[in-house]
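The values are calculated or read from the model by the stated rules, or taken from the named source; none is laboratory data. Note that the structure is a prediction, hence the values are computed from the model and not measured. Virtual Cβ from ideal backbone geometry, glycine too; neighbours counted across all protein chains shown. Remember, those area values only see protein heavy atoms, side chains included, never the ligands or the DNA or RNA. Shrake-Rupley method; radii C 1.70, N 1.55, O 1.52, S 1.80 Å.
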Amino acid sequence: MTKVITYGTFDLLHEGHYRLLERAKALGDYLIVGVTSEAYDKARGKLNVVDSLATRIENVRKTGFADEIIVEETPGQKVQDAQKYHVDIFTVGSDWTGSFEYMKDYCQVIYLERTKNISSTLLRVQNKRIQRIGIIGSGRIAKRFIPEARLVSGVSVQGVYNPHLESAEKFADKWEIEAYQDIEKFYEAVDAVYIAAPHETHYGYIKSALEHGRHVLCEKPMVLEKAQAEELFQYARAHELILFEGIKTAYCPGFSKLLGVACSGTIGNIRNVEVCFTKLENPKSRELTDLRYGGSLTELGSYVMLPILKLFGEKYEEIRFDVSRGENGLDIFTKISLVYPNGMATATCGLGVKSEGRLLIAGTKGYLVAEAPWWKTSYFEVHYENPLEVEKYSERFLGDGLRYEISDFLSMINGRNSSEFKLTRSESVALADMMEQFLKAENRQNIRLKAQDIKGVFHEDLGTQRMQSEISGEYAVSF
Ligand code: C2G
């Protein structure tokens, strides 16, 4: 008798799970299915599991493929089970290819092709709670989205759109999803989109996705003009769609904890915020050569402005930008100084100058400090007048952190608006306003002329060319 074993959460049981179990059963005579316990899913960082363990077990039982169902409770259990049940074959979907090579010491390991398309008709009938997401853009950020999305229950990444089919196909092959060049077909296949294309294309893509009735999660900076942000939010609201700006820090649990402590009164009244995020970038990268939309502020400004907006609000009295430029005139290091009625703030970001990345919040009774990478907040301290009095706080930050924003996006779509406060619409509008003011003050037309004078490094109409050609290249800072 050939014994086969497979594992999974099997939340909101769908076609992909069903087909996996069907083929797993066909590999042998006896199928054991390990259903993950709530505690185990929590420990491995899987978010948003909706069904209880009892419901998930019952749903697996109802498929009729399992001869025996067990509960998976710990990471080391697979090895123990293989020995305990005298397993011949361990199988799991191909999204896990390579992850279970260690099981080869105990049994044969077979990765079964994952189901690419969870069909809408089946979902509508069986379960409406799974959101099919499509990705616009196929570069570095998009690449990080998929493994993170797979750890959020209730989301199925269906496909990727890129006007440049070759880039879309390369990406789709790697991640076993569909590639689309035709945007209409792409929208038909999804309920929501994640936009990970260059900044200047965001407005157009958001508008078209909303007009097709799709929810939108857009990478920061969502748009570069205040009026555009207002228009898009208004449209989304009027059509009962979710438009969500993806600044991952805003959704990470450690950052929420930090804001909670800062506002709790423990450090008194907040009077000063100093925040810095720098990342040395390749001088040839898009970020440091795109004279229209590149530079440190468009790339990192959303992160450094976030704690300031959260703590002081959107109504500053003064804003000033001080800029250090690279040879081509682009800002490689930028300082934003803000004055509020009851406080002040400086936000610093850099792609060509390195500094200490830190978030420092000073109050009338003490200060809170989070060191780099504070934007992936996992640890911070509160200090008082007495240097020996220090409170230490820590919080988990899993993987690349994108799973938190995906999970919150999903909750918003499903009508649980409990995370709306993490990055409000008016905060997103304020960010777009800040970008607009900066780009206007910079007068990028001038930079272009200066750059031509300096070195002739400017490629005529770089921005336009990029929009017309592929959107796959290097366009986002990796950190
Ligand atoms: N699956 C699939 N096609 C999909 C979605 C999932 O073939 N479109 C497969 C997965 O690869 C997995 C099984 O269905 O083999 C269960 O999927 P999940 O419930 O998402 O569980 P998972 O997080 O993949 O856990 O110890 C747990 C295992 O590592 C798998």
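One residue alone among VAL339, VAL382, VAL390 is among the hydrophobic types (A, V, I, L, M, F, W, C) and over 17 Å from SER264 (Cα atoms), and that residue is VAL339.
The condition of being under 26 Å from SER302 (Cβ atoms), of a type in the set (S, T, N, Q) and surrounded by fewer than 16 Cβ atoms within 10 Å (Cβ to Cβ) holds for only one of GLN181, GLN228, GLN234, that being GLN234.
When ARG44 is tested against (1) at pLDDT 95 or above; (2) among the charged types (D, E, K, R); (3) open to solvent by 50 Å² or more (accessible area, probe 1.4 Å); (4) within 12 Å of the ligand (Cβ to nearest atom), just one condition goes unmet, and that condition is (1).
Cβ separations smaller than 7 Å between residues 6+ apart or across chains give the following pairs from the range 78-106 residues that are without any contact (Cβ under 8 Å) to a residue 24 or more places away in the chain to residues that are away from the ligand (no atom under 13 Å from the Cβ): GLN83/TYR106. Flag: GLY64 matches the condition of being surrounded by fewer than 17 Cβ atoms within 10 Å (Cβ to Cβ) and either at positive phi or within 10 Å of the ligand (Cβ to nearest atom) (or both).
From the list MET412, MET435, MET344, exactly one residue is in contact with a helix residue (DSSP H, G or I) (Cβ under 8 Å, 6 or more places away or on another chain) and over 19 Å from ILE141 (Cβ atoms). Which is it? Only one candidate passes the filter, namely MET412. Filtered by the rule that a residue be outside any loop (DSSP other than H, G, I, E, B) and in contact with a helix residue (DSSP H, G or I) (Cβ under 9 Å, 6 or more places away or on another chain), the range 50-81 gives LEU53, ASN59, VAL60, THR63, ILE69, ILE70, VAL71, GLU72, GLN77, LYS78, VAL79.
For the range 102-134, filtered to residues that are at pLDDT 95 or above and away from the ligand (no atom under 13 Å from the Cβ), the residue that is most open to solvent (accessible area, probe 1.4 Å) is ASP105. Does the range 1-41 hold any residues that are among the aromatic types (Phe, Trp, Tyr), more than 7 Å from the ligand (Cβ to nearest atom) and under 21 Å from ARG150 (Cα atoms), and which are they? The answer is TYR18, TYR40. Looking at the structure I just gave you, is LYS185 of a type in the set (D, E, K, R), more than 16 Å from the chain's Cα centre (by Cα), within 23 Å of MET412 (Cβ to Cβ) and away from the ligand (no atom under 16 Å from the Cβ)? Taking the combined requirement at face value, the residue does not satisfy it.
Residue count for the range 400-435 satisfying the condition of being open to solvent by less than 10 Å² (accessible area, probe 1.4 Å) and either without any contact (Cβ under 8 Å) to a residue 60 or more places away in the chain or not in a helix (DSSP H, G or I) (or both): 1.
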